[in-house]
Structures are given as C-alpha cells and as structure tokens.
Amino acid sequence: MTTVRVPATRFPRWADNFTERHGETALSVTDGALRGEAVDGSWFAARLPFAAAYDGPADVAAFASSAEPPADWGLLLVRKGGFAIARMAGERMGESKVGQRHVQGRTKAGGQSQQRFARRRDNQARQAFEAAAEHAARILSGLGPVVAGGDRSAIEAVLEDPRLGGLAVLEPWLPVPDPRRSTLEGAVRDATSLQVDVVNA
C-alpha cells in the first residue's frame, strides 16, 4: 500500500485516472473515508484532512468539496535546531515564525570529549526547543487543531511547555525536512490535502 496526498481540487481527476487504469470502480463510504474498489482488485481509501470523518454520499465531487480547512488552525514543525510555526485562517497564513538554532553534530571522539560534546549538543537542542515553545505559545495560543511534523521527539519536547497543554495536535504526522519558509508553505499544502491510501492489484 502506498499513501499519497492529493489536493481536493485535483481529486476528481485523480479518481478518473484511477478508473481509467483499473476499470469500473465502485464507491462506498466506510469508516469516514471514501473507498473505491476497481474490478481488477485495486482499491483506494481517501480521507479528509484534519481527521474529519466523511458522512456524505459516495460521490467523488461531494467528497472533494467537503475538504474545507478549519477557520482557525495551526502548523508546528520542529526538528533539532529548527522550527516553523504558523497560524492559519482557512488556507490563508497569518502570523508565522521560522527559526534556526545551531545544534552540535555528533562527534567520533571518545571518552570525556564525547561526553562533553553530548552535553553541549543536548543543551543546544534544549535551547532550540525552548525557543520554539516560546514562539508556539505566542502564535498558537487559543487555537483550534494543530498539524505537527518533523521529529516526534522534538515536537514532544516542545509540547512539554505548560503553555501548550491545551493544543489539539492531530494525526497524521507530516514528514518534513529541516523547517524553512518553503517547508512551511509545503506543509500547508500537505495539511489541507486529502490522504489517499492506494493498493494496485
């Protein structure tokens, strides 16, 4: 099985292409997803973004039109040494912050040198997470759902800040590289896209 992210506006064409490749496809709504089963045994299951469950008709156009982002949501992307945070109003980005902090790389040295580098690296990472939490508390305060991505342990470290305890962080997780402005813009597209699991017979 492969998983692809498909913008809602492109999903009708994506579904047409699936049918062209695999033959007549029967649609159904199962567990909040739109499922398509082709005559050759291939199938797909498409889910709405923001963990929303679909309960409409088994129709591609109706399903795609249901993929509306919340009026107030956010993005929190963190990796060691870098973060990107944005407050969103639908598809429009409001306040945002992208930051980089130097975190010492691993060293091949042994003994006390290795321990010293490890302590320095841990301290630098902690300072980077504290900076990310500071901006997240300011930008995401009182927000609706939050889509997270990057390194799970880094995100968990940031979310330990008591000021972020009320955030509702959604699955699925976004796998992103070191956060930059372009990474943040790409994450907006991914977060608002449909998640489609596909099995080709």
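The values are calculated or read from the model by the stated rules, or taken from the named source; none is laboratory data. Because the structure is predicted, anything quoted here is derived from the model rather than measured. Reconstructed Cβ throughout: ideal geometry from the backbone, glycine too, with neighbour counts over all protein chains shown.
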Quick test for you: out of Pro162, Pro175, Pro179, pick the one residue that is in the same structural domain as Met93 (by TED's automatic domain parsing), over 15 Å from the mean Cα position of the chain (by Cα) and not hydrophobic (A, V, I, L, M, F, W, C).
Pro162
Name the strands (runs of 3 or more DSSP E) wholly within region 25-88 that hold at least 1 residues that are in contact (Cβ under 8 Å) with a residue 60 or more places away in the chain?
33-38, 43-47, 73-79
Looking only at region 44-61, how many residues end up being surrounded by 13 or more Cβ atoms within 10 Å (Cβ to Cβ) and under 24 Å from the mean Cα position of the chain (by Cα)?
11
Assuming Pro70 fulfils every condition listed in (1) within 25 Å of Pro145 (Cβ to Cβ); (2) modelled with pLDDT of 95 or more; (3) not small (Gly, Ala, Ser) apart from one, which condition is it?
(2)
Checking Trp73 against (1) more than 20 Å from the chain's Cα centre (by Cα); (2) farther than 18 Å from Pro12 by Cβ: exactly one of these is not met. Which one?
(1)
Pull out all pairs, ordered by first then second residue, where Cβ-Cβ is under 9 Å, the residues are six or more apart or on different chains, the first lies in region 166-187 and is within 15 Å of Lys97 (Cα to Cα), and the second is of a type in the set (Phe, Trp, Tyr).
Pro179/Phe83
Go through the residues of region 11-31 one by one and say whether even a single one is closer than 30 Å to His135 by Cα, within 24 Å of the chain's Cα centre (by Cα) and aliphatic (A, V, I, L, M).
no
Output yes when any residue across region 81-89 is more than 23 Å from Ser193 (Cβ to Cβ) and at pLDDT below 85, and no when none is.
yes
Let me confirm something: among Ile139, Ile155, which residue is at pLDDT 85 or above, in contact with an Asp or Glu (Cβ under 9 Å, 6 or more places away or on another chain) and surrounded by 17 or more Cβ atoms within 10 Å (Cβ to Cβ)?
Ile139
Answer yes if at least one residue in region 146-153 is part of a helix (DSSP H, G or I) and in contact with a Leu (Cβ under 8 Å, 6 or more places away or on another chain), and no otherwise.
no
Being in contact with a Ser or Thr (Cβ under 8 Å, 6 or more places away or on another chain) and assigned to a helix (DSSP H, G or I) is the filter; apply it to region 157-197 and report the residue that is nearest to Thr2 (Cα to Cα).
Leu184
If I filter region 17-43 down to residues being of a type in the set (A, V, I, L, M, F, W, C) and surrounded by 12 or more Cβ atoms within 10 Å (Cβ to Cβ), which single residue comes out as farthest from Leu140 (Cα to Cα)?
Val39
